[in-house]
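The values are calculated or read from the model by the stated rules, or taken from the named source; none is laboratory data. Here the structure is a predicted model, which is why all the values come from computation and not from measurement. Neighbour counts are summed over all protein chains in view; Cβ atoms, including those assigned to glycine, are modelled from backbone coordinates with ideal geometry.
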Amino acid sequence: MILAIAALVGLCTTRDVGGVQVSVCEFSIGRDDVELYWRDASGRPIGSFARLDSIVRSHGRHLAFATNGGIFAVGQVPLGLFVQDGHMLVPLNTRDSTADPPPNFYLKPNGVFYVTKGRAAIVESGAYPALAVTPDLAVQSGPLLVSGGRIHPAFNSAGLSKYVRNGVGVRSDGTIVFAMARDPVNLYTLATIFRDALHCPDALYLDGAISQFYVAPDRPDTDGQFAGIIAVTVR
């Protein structure tokens, strides 16, 4: 177990990207167990990395990496599509917001990160149903940061809304890249980091100010504030 965690930790780095400190973890579906969690056996949101660590340990595994898995609504309910272990727990959300400007999730286009048949991908939410895939896991969030190498058209390089933010990208070779800007950034900067520094032609925003990364062997957090949690576990 120690050697397995050490090998995965080696896939996580913190680097300076244009003056922004960015934590980056890279995984491969063929090699790493990328998983999605939300509720415990009693139906309560797991909420924190510490609780998730305790749960996976009870099943003979250990938490190596975790990050919050998308935007959620009141009651710690994922705001959009959520598929865990092949079971759809929340359907695709294609609604529009009446707010001006719309909240991040509704800043269309938003998107879906999914894994099916050993392959990871990110697709615009409106295009997802036509794929007719049966994913092992899927998370809908928004906005799309990068799609086909193009940054979201609504982003502004001079945008004043700056937070610690995280997202997920997929490279052309299928590598999954999780990144969190440790310094406050706007959405345009985060999108640029994924496209130009991390070489992801497709990337999806996960969340902002509450975002966290957990990388073993640090102690997991004790706060219970998330809905979906994306994790990598080892035996």
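Being closer than 17 Å to F226 by Cα and in contact with a Phe, Trp or Tyr (Cβ under 6 Å, 6 or more places away or on another chain) narrows it down to one residue among A50, A73, A66, A41; which is it? Reasoning before the result, please.
Working: A50 fails: in contact with a Phe, Trp or Tyr (Cβ under 6 Å, 6 or more places away or on another chain); A73 fails: in contact with a Phe, Trp or Tyr (Cβ under 6 Å, 6 or more places away or on another chain); A41 fails: in contact with a Phe, Trp or Tyr (Cβ under 6 Å, 6 or more places away or on another chain).
Selected residue: A66, the only one of A50, A73, A66, A41 that is closer than 17 Å to F226 by Cα and in contact with a Phe, Trp or Tyr (Cβ under 6 Å, 6 or more places away or on another chain).
Would you point out which residue out of L204, L190, L198 is touching a Phe, Trp or Tyr at 6+ places or on another chain (Cβ under 8 Å), under 16 Å from Q21 (Cα atoms) and not hydroxyl-bearing (S, T, Y)? Outline the logic, then answer.
Working: L204 fails: under 16 Å from Q21 (Cα atoms); L198 fails: touching a Phe, Trp or Tyr at 6+ places or on another chain (Cβ under 8 Å).
Selected residue: L190, the only one of L204, L190, L198 that is touching a Phe, Trp or Tyr at 6+ places or on another chain (Cβ under 8 Å), under 16 Å from Q21 (Cα atoms) and not hydroxyl-bearing (S, T, Y).
Regarding the stretch 218-235, can at least one residue be identified that is of a type in the set (A, V, I, L, M, F, W, C) and not in a strand (DSSP E or B)?
Within the stretch 218-235, the subset of a type in the set (A, V, I, L, M, F, W, C) is 226-227, 229-232, 234.
Adding the requirement that they be not in a strand (DSSP E or B) leaves 226-227.
Yes, the conditions are met somewhere in the stretch 218-235.
Can you pull out the strands (runs of 3 or more DSSP E) entirely within the stretch 1-56 that have at least 3 residues that are within 21 Å of I71 (Cα to Cα) and at pLDDT 95 or above? Reasoning before the result, please.
Details: elements: 12-17, 20-27, 34-37.
Of the strands (runs of 3 or more DSSP E) lying wholly inside the stretch 1-56, those with at least 3 residues that are within 21 Å of I71 (Cα to Cα) and at pLDDT 95 or above span 20-27, 34-37.
Can R182 be described as within 21 Å of F72 (Cβ to Cβ), of a type outside the set (S, T, Y), out of contact with any Cys (no Cβ under 7 Å at 6 or more places or on another chain) and in contact (Cβ under 8 Å) with a residue 12 or more places away in the chain?
Values: within 21 Å of F72 (Cβ to Cβ): no; of a type outside the set (S, T, Y): yes; out of contact with any Cys (no Cβ under 7 Å at 6 or more places or on another chain): yes; in contact (Cβ under 8 Å) with a residue 12 or more places away in the chain: yes.
Spelling it out, it is not the case that R182 is within 21 Å of F72 (Cβ to Cβ), of a type outside the set (S, T, Y), out of contact with any Cys (no Cβ under 7 Å at 6 or more places or on another chain) and in contact (Cβ under 8 Å) with a residue 12 or more places away in the chain.
So if I check each of L204, L190, which one is touching a Leu at 6+ places or on another chain (Cβ under 8 Å) and part of a helix (DSSP H, G or I)? Quick ask: steps written out before the conclusion?
Values: L204 fails: part of a helix (DSSP H, G or I).
Unique residue meeting the criteria: L190.
Conditions tested, residue by residue: (1) surrounded by 23 or more Cβ atoms within 10 Å (Cβ to Cβ); (2) of a type in the set (K, R); (3) farther than 26 Å from W38 by Cβ; (4) in contact (Cβ under 8 Å) with a residue 12 or more places away in the chain.
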position: G167; (1), (2), (3), (4): yes, no, no, yes
position: S172; (1), (2), (3), (4): no, no, yes, yes
position: D207; (1), (2), (3), (4): yes, no, no, yes
position: V215; (1), (2), (3), (4): no, no, no, yes
position: F226; (1), (2), (3), (4): yes, no, no, yes
position: V234; (1), (2), (3), (4): no, no, no, yes
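What residue, of H62, H87, is of a type outside the set (S, T, Y), touching a strand residue (DSSP E or B) at 6+ places or on another chain (Cβ under 9 Å) and surrounded by fewer than 23 Cβ atoms within 10 Å (Cβ to Cβ)? Lay out the reasoning, then the answer.
Numbers: H87 fails: touching a strand residue (DSSP E or B) at 6+ places or on another chain (Cβ under 9 Å).
Checking each option against the conditions leaves just H62.
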